Every structure is written in structure tokens, then in C-alpha cells.
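Contents: one structure, followed by commentary.
The values are calculated or read from the model by the stated rules, or taken from the named source; none is laboratory data. Small disclaimer: the values here were computed from a predicted structure and weren't measured. As a convention, Cβ positions derive from the backbone with ideal geometry for all residues, glycine included, and neighbour counts pool all protein chains shown. Calculation scope for accessible area: heavy atoms of the full protein, side chains included, ligands and nucleic acids excluded. Shrake-Rupley method; radii C 1.70, N 1.55, O 1.52, S 1.80 Å.
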Amino acid sequence: MAGRWIEHWEPEDETFWREKGERIARRNLWFSVLSEHIGFSIWTLWSVMVLFMGPEYGVDPAGKFFLISTATLVGALVRIPYTFAVARFGGRNWTVFSAFTLLVPTVAAFVVMEPGTSYTTFVAVAALTGIGGGNFASSMTNINAFFPLRKKGWALGLNAGGGNIGVPVVQLIGLLVIGTAGATHPRIVLGVYIPLIVVAALCAAYFMDNLAPVQNDTGAAKDAVRDPHTWIMAVLYIGTFGSFIGYSFAFGLVLQTQFGRTPLQAASLTFIGPLLGSLIRPVGGWLADRYGGARITLANYAAMAAATGVVVYASGVESLTVFLIGFTALFVLTGLGNGSTFKMIPGIFHAKAIAQGLRGEEAAAQGRRLSGAAMGLIGAVGALGGLAINLAFRQSFQTSGAGTAAFWSFLAFYGVCFALTWAVYLRRTAAVPAKPQLSYAEV
């Protein structure tokens, strides 16, 4: 796929951006969102498929949690190679390829989704859907290269938020199928997505571009791995995106297992939280652009801890209404935090480039180089947080029949993230007044 290659790209040049760059960047953003959106839907497909798996399938709640955990794990691991594929093959070319590959898990699920299929087969097919999680990493790396630093919070938030909406959309389609055709027709959901995958791939082929200046830089990957900020941000992203994707996978099962909801009742509720969390993500990026990502992230973790406390209380007294209020608030806050943490990444590396004496486009290019490499690693580790959440729920339900113990562990982790954000990205600003270029409060 030779594709369309843009040889010259300088988004930090305001004249270039105004006359040419912005129009091209926005076009690539919209079609990147479409492909990533479908990728998220396929990645979280088994959060819907398990709602169709009644007693005739012979899979208990622990087995269902393991199915969705398998998809989460694979989705996290493939994010790393997907990140570097953009520089190797081109953003447009890789988007086309990665979109078409989504047909593999979708068609496979269409074939096996019936009673009598072995549990091992279900695990294997659930693992295949993990490739949809990789689309996020390549899409974010690609869009990061298109936009100037001052626009990254909004652009990355919109790109990720539009992709994240794939989670509630597939859940809404599952609800529609269960409510009309019944819980014995999961293949209808899969049949809807097969043509949508083809449309997303063709749109990427016709309307997206490759950036020649984004070269495969193994040195950037090595530098990102060695930089402590990559791993600090990975921990923070576990708390935001890991929570979002983990809760998205598990919410329906928690409602069925702990509160005795039917598949239809569970499906009618599961999409609300992921939808709100997805829609609010660009707002998190915009707030970070305006007030500083570290400040927004710090406040967000305090609010997440408070919302988790509400969920712990509701779980203990078995109040579904209070539980839904607290859980929905958690989803909204994970979306805000997703936007603010991802805005921080390019800002951190740009600030480090300035601290090293670089200026102007040179500093911006160095920031893009390292932040693009770091995003894949951070995204992969963050997605592993979703796996941890699924496994925590599985263990909690196995031992106590409720998710309360899991929520206590999540509350403790949000406290750690709050302390880490303050200690690294806010407290340091007072410690180095003579070197304002090292301040990360604005990132």
C-alpha cells in the first residue's frame, strides 16, 4: 500500500497550520476516530457476548470474567507493536490494514457463538478480539504527529473519546438485539459490525494520509523506555483508562452477578457509564489545555476516590440505585482523567526538550518524537489496568459473592495515583523557581 505521503509537515508553524495543516489534520482525525471507534467495539465485544451466554452455555460467572480478561490482556499487549507500526508503514496504511484485520475476530465469533462450543474455543476467539485494542495506540500515535502542542489536548481527547464511544455503542446494539430478537441471537450483533469494518477500512484508504517526517526511530523507543516519566504516566493511566476499560468490560456482569439483573436489565444499564465517560474525554483534554493536565488529573483522582467510596457503601448495603449513581460518576471521572493524562504526555516531553536547551520547532519535534514512542507503552500498561480490574472482580466474587473487596483495592490505588501526581508534577514547581522551564504544572 504505497498510499499518499506528505513530505513536509510543521504543525507548530502557525502560517503552515493556518493555510494548510489544520484542514489536513482534521480530515485525518475524523477518519481515525471512525476506525478506532470500530476497534473499541470489537475489543469490548465479549462484554456483550457474555450477556447472551445463558445456562445452556455452561459457563459460570468466573468463567465469563476470564473471557473478558483474556480480551483485555491481548488488547493491552498488541498496543506496543501497533504504536511503532505507524512510523514503519505510515498512519494511513496501518489504519487500513488494522481495520480490515478486525474482520478476523468478528467472523470467528459469528461462527462459534452457540451453545455446545467448547470453553477453550470461546477463550481463543475472545483473545482474537484483543487486536481491536491495538487500534487505539496506533491511532493516538498517528494523530499526535498531526497536531501542534497547543491543540493536542483537544485533538487527542476527541480522537480517544470518539474511539471510546465504541464501547457503549456495541452495548447499545446488544441491548437492541436482546430487547427485540431475544437473548438467543448474538449473531445479529456480529452481523451488524462486519460491513461497518469494511466501511471504516475503505474510508481510511480514501481519506487519510501518511506523514513522511514520522520515521521509525528505535532510538526514541529506547529513550522513552529509559525515561521515568513514561512509567509514572503509565501508572496514572492505569487509574484512568484502566478503570474505564475494566469497568466497561465488567459492569454488566457485576449487575447480573451481584444484583441479580437479567440480561435485558443489565444491557439496558451498562451502556450509560461508558457513553458518558467517552463523551466527557475531550472535555478532560480541553480543561488540561486551559488549566494544566497535572492540576486536572489531581482533582480528578480525588473525585474518583470519593465516587469509589459511594460504590463501596452501596455494595455493602446492596442498594442498586446508589450503586448506579456512584458507578456512573466513576465512568464520567475516568473519561475526564483519560483526557487530562494523555494531554500531559506530549507536554512533559516538550518541557524536557526545552529544559535541555532546545527551542521552537526543534523542541516541538523532540517532544513529538519521544511522546509518540511513550504513548504506546503508556497505553499498553494502562490497558493492563483493565485486566487487573477484571481479575480483581473475578477473585472478589469467587471468595465473597460480591465486588466490595475489589472496590476497596481500587480506592487504595486512586489514593496512590493522587499522591504520585502531586509529588511529581505539582510539588516540584515550588522546588525549582529558578528553572520555570522544568515546571510540569501546566502540562
(message) Here are the criteria: (1) more than 24 Å from ARG394 (Cα to Cα); (2) at pLDDT below 90. Tell me which single one ILE68 does not satisfy.
(response) (1)
(message) For segment 111-140, give me each residue that is without any contact (Cβ under 8 Å) to a residue 24 or more places away in the chain, part of a helix (DSSP H, G or I) and either closer than 21 Å to LEU29 by Cβ or hydroxyl-bearing (Ser, Thr, Tyr) (or both).
(response) THR120, THR121
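Give GLY153, GLY91, GLY134 a once-over and let me know the one that is in contact with a helix residue (DSSP H, G or I) (Cβ under 6 Å, 6 or more places away or on another chain), more than 24 Å from GLY219 (Cα to Cα) and open to solvent by less than 20 Å² (accessible area, probe 1.4 Å). Even if it seems obvious, please write down each step before you answer.
Values: GLY91 fails: more than 24 Å from GLY219 (Cα to Cα); GLY134 fails: more than 24 Å from GLY219 (Cα to Cα).
Criteria check complete, one pass: GLY153.
For every residue, the table says whether it meets (1) assigned to a helix (DSSP H, G or I); (2) of a type in the set (S, T, N, Q); (3) at pLDDT below 80.
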site: ALA373; (1), (2), (3): yes, no, yes
site: LEU377; (1), (2), (3): yes, no, no
site: ALA383; (1), (2), (3): yes, no, no
site: ALA392; (1), (2), (3): yes, no, no
site: GLN398; (1), (2), (3): yes, yes, no
site: TYR414; (1), (2), (3): yes, no, no
site: CYS417; (1), (2), (3): yes, no, no
site: LEU420; (1), (2), (3): yes, no, no
(request) Considering every residue within segment 199-208, establish whether at least one is part of a helix (DSSP H, G or I), without any contact (Cβ under 8 Å) to a residue 12 or more places away in the chain and either open to solvent by less than 70 Å² (accessible area, probe 1.4 Å) or more than 24 Å from VAL104 (Cα to Cα) (or both). (result) no
(message) Could you go through segment 343-360 and let me know if any residue there is under 17 Å from PHE146 (Cα atoms), more than 24 Å from the chain's Cα centre (by Cα) and not β-branched (Val, Ile, Thr).
(response) yes
(message) Quick check on SER371: is it small (Gly, Ala, Ser) and buried (at least 24 other Cβ atoms within 10 Å of the Cβ)?
(response) yes
(message) Among the listed residues ALA406, ALA306, identify the single one that is part of a helix (DSSP H, G or I) and open to solvent by 10 Å² or more (accessible area, probe 1.4 Å).
(response) ALA306
(request) Please determine, by comparing only the residues of segment 345-365 that are more than 22 Å from GLY285 (Cβ to Cβ) and in a helix (DSSP H, G or I), which one is least open to solvent (accessible area, probe 1.4 Å). (result) ALA355
(message) I need the full set of residues from segment 38-59 which are touching a Leu at 6+ places or on another chain (Cβ under 9 Å) and either surrounded by fewer than 24 Cβ atoms within 10 Å (Cβ to Cβ) or without any contact (Cβ under 8 Å) to a residue 60 or more places away in the chain (or both), in order please.
(response) MET53, VAL59
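Looking at segment 156-170, which of the residues that are in a helix (DSSP H, G or I) and open to solvent by 30 Å² or more (accessible area, probe 1.4 Å) is modelled with the highest pLDDT?
First, pick out the residues of segment 156-170 that are in a helix (DSSP H, G or I): 156-164, 166-170.
When the remaining residues are screened for being open to solvent by 30 Å² or more (accessible area, probe 1.4 Å), the result is 158, 169.
Details: LEU158: 87, VAL169: 92.
Ranking the qualifying residues of segment 156-170, first place goes to VAL169.
If we scan segment 241-249, do we find a residue that is of a type outside the set (Asp, Glu), over 22 Å from LEU391 (Cβ atoms) and not in a loop (DSSP other than H, G, I, E, B)? Even if it seems obvious, please write down each step before you answer.
First pass over segment 241-249, keeping only residues of a type outside the set (Asp, Glu): 241-249.
Cutting the leftovers down to over 22 Å from LEU391 (Cβ atoms) gives us none.
So far as segment 241-249 goes, no, none of its residues is of a type outside the set (Asp, Glu), over 22 Å from LEU391 (Cβ atoms) and not in a loop (DSSP other than H, G, I, E, B).
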(request) Name the single residue, out of those in segment 117-131 being β-branched (Val, Ile, Thr) and surrounded by fewer than 21 Cβ atoms within 10 Å (Cβ to Cβ), that is nearest to ILE245 (Cα to Cα). (result) VAL123
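Is it the case that some residue within segment 171-193 is of a type in the set (Lys, Arg), surrounded by fewer than 24 Cβ atoms within 10 Å (Cβ to Cβ), within 22 Å of the chain's Cα centre (by Cα) and in a helix (DSSP H, G or I)? Break it down into steps so the answer makes sense when it comes.
Taking segment 171-193 first, the residues of a type in the set (Lys, Arg) are 187.
Still in the list and also surrounded by fewer than 24 Cβ atoms within 10 Å (Cβ to Cβ): 187.
Narrowing further to those that are within 22 Å of the chain's Cα centre (by Cα): none.
No: zero hits.
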(message) Between a residue in segment 160-184 that is closer than 20 Å to GLU56 by Cβ and among the β-branched types (Val, Ile, Thr) and any residue that is surrounded by fewer than 24 Cβ atoms within 10 Å (Cβ to Cβ) and modelled with pLDDT under 90, which pairs come within a Cβ distance under 6 Å, given they are 6 or more apart or on different chains?
(response) ILE178/PRO263; ILE178/LEU264
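Restricting to segment 219-257, name every residue that is charged (D, E, K, R) and in contact with a helix residue (DSSP H, G or I) (Cβ under 9 Å, 6 or more places away or on another chain).
Passing the criteria: LYS222, ASP223, ASP227.
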(request) Quick one: which residue in SER319, SER340, SER315 is open to solvent by less than 10 Å² (accessible area, probe 1.4 Å), polar (S, T, N, Q) and more than 21 Å from the chain's Cα centre (by Cα)? (result) SER315
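Could you name every one of the helices (runs of 4 or more DSSP H) located completely within segment 1-110 that has at least 3 residues being charged (D, E, K, R)?
Filter on segment 1-110 gives 22-43.
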(request) Starting from residues that are under 20 Å from GLY179 (Cα atoms) and open to solvent by less than 10 Å² (accessible area, probe 1.4 Å), keep the ones in segment 255-283 and report whichever is nearest to the chain's Cα centre (by Cα). (result) PRO274
